[in-house]
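**Student:** Before we start, here is the structure in question, set down as structure tokens.
Just so it is clear, none of the values below were taken in a lab; they were calculated from the coordinates. These numbers were taken from a predicted model, which means no experiment stands behind them. Cβ sites come from the backbone with ideal geometry, for glycine too, and all protein chains shown count toward neighbours.
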Amino acid sequence: MNQRNTPQKIEIRKYLQGNTTHPSAYDIYNRVKKNLPTISFATVYNNLQRMVADKELMELYDGEKKRFDPDHSPHDHFLCLKCKKIYDLPKIIKPSKIKYKNFKVISSVTYINGICEECIKKTGGNDE
Ligand SMILES: [Zn+2]
Ligand SMILES: [Zn+2]
């Protein structure tokens, strides 16, 4: 992780530090643009890809677009199908407990799909 720290990368990192909302590249671009008005979406996107390759960020997917997570502690995710928010969950399935053929499990990414409390409050949990 001895990549050059560009001002762009520093700004992206600052926004993501401790961020638990799992923002998309576009969310991050919109936020970082406020401090670096000349930054392009491509620059943000490329930086994010590099940070994922460097294992600085975890890449998630909400069914439509990539989302980014700075939290490296083992945890799973609850994806709300209504508002597309991704919430952190404690690790549900321990990868070491998975036994399948002679496969060796390195890590696991579990998504739980459902409807979050906020959306249930709004709609009573009914579909429309
Ligand atoms: Zn929701
Ligand atoms: Zn997370």
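**Student:** Among the listed pairs LYS55/LYS122; LYS55/LYS99; LYS9/LYS104; LYS66/LYS101, which have their C-alpha atoms separated by more than 28 angstrom in this model?
**Tutor:** LYS55/LYS122; LYS9/LYS104; LYS66/LYS101
**Student:** Just from the alpha-carbon atoms, what are the Rg and Dmax of the stretch 75-123 in angstroms?
**Tutor:** Looking at the stretch 75-123, its Cα Rg and Dmax stand at 14.2, 46 Å.
**Student:** With +1 on the Cβ of every Lys and Arg and -1 on the Cβ of every Asp and Glu, and nothing else charged, how large is the dipole of the stretch 75-123 about its Cα centre, in debye rounded to the nearest 20?
**Tutor:** With Lys and Arg at +1 and Asp and Glu at -1, about 240 debye.
**Student:** Here is a follow-up. Using the C-alpha gyration tensor of the chain, what are the square roots of 5 times its eigenvalues, in whole angstrom, with the largest one first?
**Tutor:** 28, 23, 11
**Student:** Taking just the alpha-carbon atoms of the stretch 1-64, what radius of gyration and Dmax come out, in angstrom?
**Tutor:** Final numbers for Rg and Dmax: 11.2, 33 Å.
**Student:** In deg cm²/dmol and to the nearest 500, what is the mean residue ellipticity at 222 nm of the chain if only DSSP H runs of at least 4 residues count, each as -39500 (n - 2.57), divided by the residue total?
**Tutor:** Taken over the chain, the calculation gives -8500 deg cm²/dmol.
**Student:** Return the loop-located chymotrypsin sites (Phe, Trp or Tyr not before Pro) in the stretch 43-128 (DSSP other than H, G, I, E, B) with at most 16 other Cβ atoms within 10 Å of their own Cβ; answer none if there are none.
**Tutor:** TYR100, PHE103
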